[in-house]
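Worksheet: one structure, shown below.
The values are calculated or read from the model by the stated rules, or taken from the named source; none is laboratory data. This structure is a prediction, so every number in the text was calculated from the model and none was measured. All Cβ positions, glycine included, derive from the backbone under ideal geometry; neighbour counts span all protein chains shown.
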Amino acid sequence: MPDEPFEILADTRYRPEITERTEEEAKRGFLEGEEFMVVEVQAVGTAEISPGMDSFAVDYLAVCSEKALTSRWMEEKIRQLTKVSEDTVMAMTGRVRSRLFMRIRQQEEPERCLYRLSAWLSMGDDGSQRWSIRDRIDPVFEEEDRLVGRRAKEARRLAGIVMRDQLE
């Protein structure tokens with residue numbers, strides 16, 4: 001499908017806190033004040049080692065309910081949250097990229113989930129939608145980039161705007 005803005009993967013190694021529920025279970029939970037993860041964007045760093053050419057790449061994976069994948073709204077939110085992650089938290093210096101490459105290269109797996117940004121939805125007491133933005137920075141990333149926490153704060157702020165449909 002060349003029209004698709006993303007590739008659909010059957011599974012991800014970095015399990016999010018999202019659970020598939022029936023529509024009835026979701027409605028009941030929502031009315032009872034439960035929070036539901038709507039979408040999570042993961043930034044996965046990969047150290048590719050080949051003869052004469054090493055590289056460090058960051059891929060963005062989005063995790064959401066299978067039913068939501070067909071929604072234009074969800075496609076747009078995934079695109080916007082990926083852009084927020086890319087422009088803030090993942091905007092690192094070449095030095096940090098090199099150090100992350102070396103750290104990932106030293107581990108058994110050639111990749112590491114460096115950052116997760118997720119949006120959670122619940123219902124307010126007045127029946128309105130309430131969005132909560134959460135993130136998680138990999139400890140190795142924090143060790144190598146002392147400013148990543150500051151950039152993550154900005155990412156959370158922008159993600160809140162995205163989920164409230166105020167970001168162009």
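The set of residues from region 111-160 being without any contact (Cβ under 8 Å) to a residue 60 or more places away in the chain, closer than 16 Å to Phe36 by Cβ and part of a strand (DSSP E or B) comprises Gln129, Arg130, Trp131, Ile133, Arg134.
Selection of region 71-94 for residues being modelled with pLDDT of 95 or more and among the charged types (D, E, K, R) yields Lys83, Glu86, Asp87.
Scanning region 86-95 for residues that are of a type in the set (Asp, Glu) and within 21 Å of Phe36 (Cβ to Cβ) turns up nothing. Could you go through region 45-60 and let me know if any residue there is at pLDDT below 95, under 23 Å from Glu35 (Cβ atoms) and surrounded by 19 or more Cβ atoms within 10 Å (Cβ to Cβ). Scanning region 45-60 turns up no residue that is at pLDDT below 95, under 23 Å from Glu35 (Cβ atoms) and surrounded by 19 or more Cβ atoms within 10 Å (Cβ to Cβ).
Scan region 61-103 for residues that are of a type in the set (S, T, N, Q) and buried (at least 17 other Cβ atoms within 10 Å of the Cβ) and jot them down. Full working, then the answer.
So the first thing to find is which residues in region 61-103 are of a type in the set (S, T, N, Q), and the list is 65, 70-71, 80, 82, 85, 88, 93, 98.
Selection gives Ser65, Gln80, Thr82, Ser85, Thr88.
State whether one or more residues within region 66-88 are of a type outside the set (S, T, N, Q), closer than 22 Å to Lys153 by Cα and not in a helix (DSSP H, G or I). Checking region 66-88: not a single residue is of a type outside the set (S, T, N, Q), closer than 22 Å to Lys153 by Cα and not in a helix (DSSP H, G or I).
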